[in-house]
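What follows is calculated from the coordinates using simple rules that are stated; it is not laboratory data. Quick caveat: nothing in here was measured; it's all calculated off a predicted structure. Methodologically, a virtual Cβ is constructed for each residue, glycine included, from the backbone with ideal geometry; neighbour enumeration extends over all protein chains shown.
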Amino acid sequence: MPGPTPETLTAPLVVEFPFTRSLGPVQSAFLTGLRERTVLGVRTRDGRVLVPPVEYDPVTAEEIRDLVETAATGTVTTWAWNPAPRRGQPLATPFAWVLVRLDGADTALLHALDAPGPDAVHTGLRVRIRWAVRRTGAITDIACFEPYDSPAAPRATAHSGAFADPVTGITTSARLDYTYTPGRAQTRYLTALAGRRILGERCPACHKVHVPPRGACPTCGTPTDEQTEVGPRGTVTTFCVVNIKAKGLEIDVPYVYAHIALDGADLALHGRIAGIPYDRVRMGMRVEPVWTEGARHPDHYRPTGEPDAPYDAYKELL
Amino acid sequence: MTRDVAIVAFAQSDHRRRTPETSEAEMLLPVLRDVLDQAGLDPGTPGFTCSGSSDYLAGRPFSFTMALDSVGAWPPIAESHVETDGAWALYEAWVKLLTGEADTALVYACGKSSPGDLRAVLTRQLDPYYVAPLWPDPIALAALQTQALIDAGATDERALAGIAVRNRRAATANPHAQLQGSAPAERLLEADHLLRPLRTHDAPPISDGAAAVVLAADDTARRICPRPAWIRGIDHRIEPHGLGVRDLTDSPSTRLAAEHAGAFTAPVDTAELHAPFTAQEVVLRTALRLGDDVLVNPSGGALAANPVMATGLIRLGEAAARIHRGASDRALAHATSGPCLQQNLVAVLEGERP
Amino acid sequence: MSKEPVAVVGIGQTRHAAARHDVSIAGLVREAAVRALDDAALTWADVEAVVIGKAPDFFEGVMMPELYLADALGATGKPMLRVHTAGSVGGSTALVAASLVASRVHRTVLTLAFEKQSESNAMWGLSLPVPFQQPLLAGAGGFFAPHVRAYMRRSGAPEGIGTLVAYKDRRNALRNPYAHLHEHGITLERVRSSPMLWDPIRYSETCPSSDGACAMVLTGTAGAARAPHPPAWVHGGAMRSEPTLFAGKDFVSPRAGRDCAAEVYRQAGVTDPRREIDVVEMYVPFSWYEPMWLENLGFAAEGEGWKLTESGATEADGDLPVNPSGGVLSANPIGASGMLRFAEAALQVRGAAGERQVPGARRALGHAYGGGAQFFSMWLVADTRPTT
């Protein structure tokens, strides 16, 4: 299998956010109950008890609010042995994934089972909840299940769902790690940029020069591989003055964010204009890139001092 | 509305473990050119275009918008996108053709699975309150489903190894497949469990790939393709989300979709099933009432290549391609989405008999 | 056999707010769906299929959330289809649902679009870092502001047009109980003196970030005959897409938008939209897009859209009311925003728009767009069944 060619660019890309999830009343009661070591389910109109409790009947779509309390003991309905736990999973040591039907419930809950090994696990195994020491009102308040021999006690009792200081929301952090690869055309472009050359690609069919290039002419759907250097000078086609500071950006406001049609390119790319007071930037102004040491992209564009381009020269590029 | 719609062309990339040298648009481009060439259409000329993909595979919002660069969407085109497997894009395009608003449609799917950690990515499909915080990955969920089948006496580890062997050996005839050929079942069973009861052979490979089909209606289809694969019926159904609510040994949504697609009115000779895990083929065969005389997954199926978000569309394409070349007269194609076969699509394709 | 006429017989939307802390994601979509079913006097069992749309999944951090939402939307055992066409998705989703009815694949379809942006942060969701690229230099408005400047240069529009639109839409929103923003006591002066964020776009001229959902029940002739309230009939509907960035792209008046409108008018037999259409719900995330879209959609000649706005024609009591609901400027649950335009258009021709009703509205245009002004979807609805 061909591996990445030496010149292929790759970089890590982390997508991470602490999602804040507001809860409906049933979810709120269930998760608050876990905090209080109480397992709640919901009873459907036809008398089935669903644990974990959902807000809407999976069969009839009816809203269900009839809360009941079930036991913290139950029976494994199916299982799988996980020898290599992954990030975020309930246990760091090998464990069994299990679906557990708690006593009094008609449906099963997915969680982890702490057991010495796969030979200690079987469908029908009796288990009980091992509560987390620190509980906040989340599914992880169940640390895991553990084997526990006890007679099944199949009954659910009515519960108001009322608790002091109910949990109304959860924060679930999610981090995903990606490896980003920009592809052939972008790699060529980025590699040239590192040498302070701006490379576009010409479409063999319509002869337009696109920059940054993406390997295909977006209008013709034709592969492009003829590189052509554009710029470095160009014309400001339009712009805005940015007055609010973007998070994580070091630039002082106000500054000018402009669309710049580089000489030889058939569309504008985006860049910052500096070296001139922000309120003197104009459409049609001629600019050139300014590079800083070690940066791949131009830091900004500055006026060349040439006369402004007439509107007719760039109006098709707006 | 009485309009007959057929799959008239199918193309796919070679499926590989990783493709760092190509962007999604670059991966799609040759596939789109291939399928349009087969159909004798120029870029941008199909009456409708619809694609399937997921932002979560690339880790980028609006990832599908860049793929449009490969389509030739100028002048502007009638175009839509589904955030799921391309099989559902085909469904949307089929509906569009039925309305009479278009005579041809380009359907494509981009399945570049390698940028992320797919096992982690797919956990984000699960109930965000009760399940996703535990990060149960698709292999774990398939293992739970498999154990349920074993407990029910529907299969055993040896039979599952046999399914893996059959699919991957069939893939030796598929030049696009990622995994071709297999050691005998006895050897496979000597390996350690990946996630008991699953071994590596029970799980699909992680694949990058793309696929595209062209649909056409009535005489347009006949003009484009000597033997169109007529869509006699297509339907899809979804089940409740909670794994503990469902009977994991059965697939009622597949059965329902098959009924609505007319799959049971006459026997099929071929079935392309979207079963990423060996045990899921067992579930699907039962739900679809496929006998031993039906050729299942001559392409090697999802066990031979699994470009997520394109795998289902490829099943439709592979089934159609067999009809195109006269190797099948009536084929069933199936696609799935969601954890443990939550959502299923079934299409019945037929070639005209001479 | 011709297509089945498509009728909108049920419409529901949530109360939109910056954060709907009182509901889960399922609870949010459910609120809109139940209202739509109630409006149509139908139950879950009457719905044959569900078509759902939303913008990027990263907003809620749930991949393909329709899988989890199947139960809440009564979709189990039914077909459920998920559409994603960026900002135009609410409109596209409705059109896909309409096609299911028009093709007679299904008789009655529930369509729904939502966004619960408070689960994350819209700016985060829209601007995930991309390695090797320069960080987004300007924020969301910075993407649109240069195009607004280009429009001003091209059309010669005076500076104050954008504030007129914002002032109008925010006042309209006061008559819309579902709107996110209710700025009581708003004055033109206050809009004008709001901070200039991305010159030429002021803070008051930008859309909020909202949680919200919108749902509609679509059906055919037989379903419409059983509906308790007058339906809105779909007379035309189309989607058009063009690439993101390309040589020849007109960001001020994208051809995909013009072509999409032309196709909708062709289907509906509209030759003079300015005269024949009574009310428009268009996707205006930044106020200046009203005059830009007026031109793009054929209500004004090129360079003349701002004059229509300036004349007061687009006011709620003007002769071409635009966004009597308050529009995207007053509520923006991104994935739902397009469907809200479609639904508000339908409410108008049903005479069911409450205090925001445009008297005598018989034909209305719903408009949505997204991506880099590259995806468009529109429909034209009317109070009478289409004849062809």
Open item on the list: Using only alpha-carbon positions, what ratio does the radius of gyration of the protein assembly as shown give when scaled by 2.2 N^0.38 Å?
Closed with: 0.91
Task: Selection of trypsin sites (Lys or Arg not before Pro), region A:213-263, meeting DSSP coil and at most 13 other Cβ within 10 Å - done: A:K247
Open item on the list: Helix-only estimate, please: 222 nm mean residue ellipticity of the protein assembly as shown, summing -39500 (n - 2.57) across DSSP H runs of length 4 or more and dividing by its residues, to the nearest 500.
Closed with: -7500 deg cm²/dmol
Task: Rounded to the nearest 20 debye, dipole of region B:144-231 from Cβ charges on Lys, Arg, Asp, Glu - done: 380
Open item on the list: List the residues, sorted by chain then number, that are 5 or more residues from A:H300 or on another chain and whose placed amide H is less than 5 Å from its amide H.
Closed with: A:V290
Task: Residues C:I186, C:I201, A:I139, sorted so that the one with the fewest Cβ neighbours within 10 Å comes first - done: C:I186, A:I139, C:I201
Task: Cα centre as origin, Lys/Arg/Asp/Glu Cβ charges: chain B dipole, Debye - done: 460
TODO: On a 0 to 90° scale, report how tilted helix A:25-35 is relative to the longest principal axis of chain A, with both axes built from alpha carbons and the result rounded to the nearest 10.
DONE: 70
Open item on the list: Can you give me the long-range amide H partners of A:L267? Hydrogens built in the peptide plane at 1.01 Å from N, cutoff under 5 Å, separation of 5 or more residues or another chain.
Closed with: A:V211
TODO: Please work out the Cα center distance from region A:32-95 to region B:201-252, rounded to the nearest Å.
DONE: 32
Open item on the list: List the trypsin sites (Lys or Arg not before Pro) within region A:126-195 that DSSP assigns to loop and that have no more than 14 neighbouring Cβ atoms inside 10 Å.
Closed with: A:R134, A:R155
Task: region B:167-181 - phi-based ³J(HN,Hα) in whole Hz, Karplus 6.51/-1.76/1.60, Gly and Pro as x - done: 5, 6, 6, 4, 5, 5, 8, 10, x, 8, 5, 8, 10, 10, x
Task: Sorted largest first, extent of region A:231-275 alpha carbons per principal axis (Å) - done: 33, 19, 16
Open item on the list: As I understand it, the value is the acute angle between the Cα axis of helix A:184-194 and the longest principal axis of the Cα atoms of chain A; what does it come to in degrees, rounded to 10?
Closed with: 60
Open item on the list: Rounded, prolate or oblate, given the Cα gyration tensor of region A:11-175, with a/c below 1.5 counting as rounded?
Closed with: oblate
Open item on the list: Quick check: the angle from helix B:24-39's long axis to the longest principal axis of chain B, C-alpha only, nearest 10 degrees?
Closed with: 60
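Note down the magnitude of the dipole of region A:20-179 about its Cα centre, charges +1 on Lys and Arg C-beta and -1 on Asp and Glu C-beta and zero elsewhere, to the nearest 20 debye.
So the magnitude is around 340 debye.
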Open item on the list: Could you tell me the calculated FRET efficiency between B:A159 and A:R37, based on Cβ-Cβ distance and R0 = 35 angstrom, to the nearest 0.05?
Closed with: 0.25
Task: Å³ per residue enclosed by the Cα convex hull of region A:184-317 - done: 121
Task: Overall Cα dimensions of chain B - principal axes, largest extent first, Å - done: 54, 46, 37
TODO: Let me know the Rg and Dmax you get for region C:35-124 when you use only its Cα atoms, in Å.
DONE: 13.5, 41
TODO: Tell me which residues come under 5 Å, amide H to amide H, from B:G233 once H is placed; ignore anything under 5 positions away on its chain.
DONE: B:V348
- [ ] Go through region C:11-27 residue by residue and turn each phi into a ³J(HN,Hα) via Karplus (6.51, -1.76, 1.60, θ = phi - 60°); whole Hz please, and just put x for glycine and proline.
- [x] 9, x, 9, 7, 5, 9, 8, 4, 8, 8, 5, 8, 9, 7, 4, 5, x
TODO: List the extent of the Cα atoms of region C:189-294 along each of their three principal axes, largest first, rounded to whole Å.
DONE: 53, 36, 28
Task: Paramagnetic reach from B:A152 in region B:270-312 [backbone N under 14 Å; point 7 Å along Cα→Cβ] - done: B:279-289
- [ ] Under 17 Å from a label point 7 Å along Cα→Cβ of C:L188: give me every residue in region C:296-321 with its amide N that close.
- [x] C:306-319
Task: Options B:L215, A:T77, A:A246, ranked by Cα towards positive dipole end of the protein assembly as shown, top entry (Cβ charges) - done: A:A246
- [ ] Please report B:R124, A:R202 as a ranked list, fewest other C-beta atoms within 10 angstrom at the top and most at the bottom.
- [x] A:R202, B:R124
Open item on the list: Counting other beta carbons within 10 Å of each residue's own, what order do C:V29, C:V252 fall into, fewest first?
Closed with: C:V252, C:V29
TODO: At most 16 other Cβ atoms within 10 Å and a DSSP loop assignment: could you name the trypsin sites (Lys or Arg not before Pro) in region B:15-53 that fit?
DONE: B:R17
Task: In order through region A:36-41: 3J(HN,Hα) via Karplus (6.51 cos²θ - 1.76 cosθ + 1.60), integer Hz, x for Gly, Pro - done: 8, 6, 10, 9, 10, x
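Do any of C:K3/C:K54; A:K208/C:K54; A:K315/C:K249; A:K208/C:K249; C:K116/C:K249; B:K96/C:K116 go past 23 Å between their Cα atoms, and which?
C:K3/C:K54; A:K208/C:K54; C:K116/C:K249; B:K96/C:K116
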Task: Separation of alpha-carbon centers, region B:1-36 and region B:282-346, rounded to whole Å - done: 17
